[in-house]
Amino acid sequence: DTEVTQTPKHLVMGMTNKKSLKCEQHMGHRAMYWYKQKAKKPPELMFVYSYEKLSINESVPSRFSPECPNSSLLNLHLHALQPEDSALYLCASSQAPGASGYTFGSGTRLTVV
Amino acid sequence: KNEVEQSPQNLTAQEGEFITINCSYSVGISALHWLQQHPGGGIVSLFMLSSGKKKHGRLIATINIQEKHSSLHITASHPRDSAVYICAVRRGDDKIIFGKGTRLHILP
């Protein structure tokens, strides 16, 4: 298995909802990443998990809460989002921080209404 | 000035043409990635380079570390190659810096 799998592919949520995005990989990668991408813009790094520990938080608002329950799974919990949070959320993984084999998921397209 | 600059921003070409997309960067890197993103879609990693040249099918990627420059070439371009091509560099602190992308449109 050489993929990063993200679910759901599409999500519409209200500003008072709580939802979660899921990212899974079975390549034995020990670094996992969340990116946010607005239309026609490059991805922006949100969080980095290294060996299941949060190593980088790019000053992301607390309404986004990452979680790494195990080395294969990365979640992004969403609560009280704003319409401007609508974007493509991309997950990626690599063998380890600084190592090769950087693999992206196909993303979750989130719309906040 | 962005740490990663790509050119051109937009490129339209006829099917069969040889395509070149350029990437220049201003920081020390451990690797450079070429990525492909179709409209509304996720990102596919095409190449990861730290030196020299790599080839995969009709795609060729080169990097010149001394000049801090990389190129992505597509031979015998096809409409299905239409996508955004993104250059991304990996700094020593593991942070990935993305270029703004080159929007390629191949006409049949």
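Each residue of region B:18-32 is assigned a 3J(HN,Hα), and the resulting list reads 8, 10, 10, 10, 10, 9, 10, 9, 10, 10, x, 10, 9, 6, 10 Hz, derived from the Karplus form 6.51 cos²θ - 1.76 cosθ + 1.60 (θ = phi - 60°), x at Gly and Pro. Here the Karplus relation 6.51 cos²θ - 1.76 cosθ + 1.60, evaluated at θ = phi - 60°, turns the backbone of region A:56-64 into coupling constants of 9, 10, 7, 6, 7, x, 5, 5, 9 Hz, with x for every Gly and Pro. What pairs in A:Lys22/B:Lys68; A:Lys53/B:Lys54; A:Lys19/A:Lys53; B:Lys55/B:Lys95; A:Lys22/B:Lys55 have C-alpha atoms more than 29 Å from each other? In this structure, A:Lys22/B:Lys68; A:Lys53/B:Lys54; A:Lys22/B:Lys55 lie more than 29 Å apart at Cα. Amide H to amide H, with H built 1.01 Å from N, A:Glu3 comes under 5 Å of A:His26, counting only residues 5 or more places away or on other chains.
Extending 7 Å from the Cα toward the beta-carbon at both A:Arg30 and A:Thr2 defines two label points whose distance is 2.3 nm. Hydrodynamic radius of chain A by the Kirkwood approach over all distinct alpha-carbon pairs: 13.9 Å.
Toward the positive end of the charge dipole of chain A, with +1 on the Cβ of Lys and Arg and -1 on the Cβ of Asp and Glu, the farthest Cα among A:Asn70, A:Leu81, A:Thr7 is that of A:Leu81. Working note: Karplus 6.51/-1.76/1.60 with θ = phi - 60° gives region A:2-13 the couplings 10, 10, 10, 9, 10, 9, x, 7, 9, 8, 10, 9 Hz, where Gly and Pro are set to x.
Share of pairwise Cα-Cα distances greater than 18 Å in region B:30-102 is 38 percent (whole percent).
Summing Cβ point charges (Lys, Arg +1; Asp, Glu -1) relative to the Cα centre of the protein assembly as shown gives a dipole of roughly 160 debye.
In terms of other Cβ atoms within 10 Å, A:Asp85, B:Asp93 run from fewest to most in the order B:Asp93, A:Asp85. Distance from the C-alpha centroid of region B:34-81 to that of region A:19-46: 21 Å, rounded to the whole angstrom. Of all DSSP bridge pairs formed entirely within the protein assembly as shown, close to 90 percent run antiparallel. When B:His78, B:His56, A:His29 are arranged by Cβ crowding within 10 Å, least crowded first, meaning fewest neighbours, the order is B:His56, B:His78, A:His29.
Taking 7 Å steps out from each Cα toward its Cβ at A:Asn17 and B:Glu5 produces label points 4.3 nm apart. When you filter the chymotrypsin sites (Phe, Trp or Tyr not before Pro) in region B:1-100 for DSSP loop state and at most 12 other Cβ atoms inside 10 Å of their Cβ, you are left with B:Phe18. Checking Cβ-Cβ separations below 4.7 Å across chain A identifies A:Cys68 as cysteines lacking any candidate disulfide partner.
Equivalent-ellipsoid semi-axes for the protein assembly as shown (Cα gyration tensor, √(5λ), whole Å, largest first): 30, 20, 15. Taking other C-beta atoms within 10 Å as the exposure proxy, B:Glu17, A:Glu24 rank B:Glu17, A:Glu24 from fewest upward.
Here, each number is a calculation from the coordinates, and none is a lab measurement. Please read these numbers as outputs of a predicted model, since none were measured by experiment. So basically every Cβ, Gly included, is an ideal-geometry build from the backbone, and we count neighbours across all protein chains shown.
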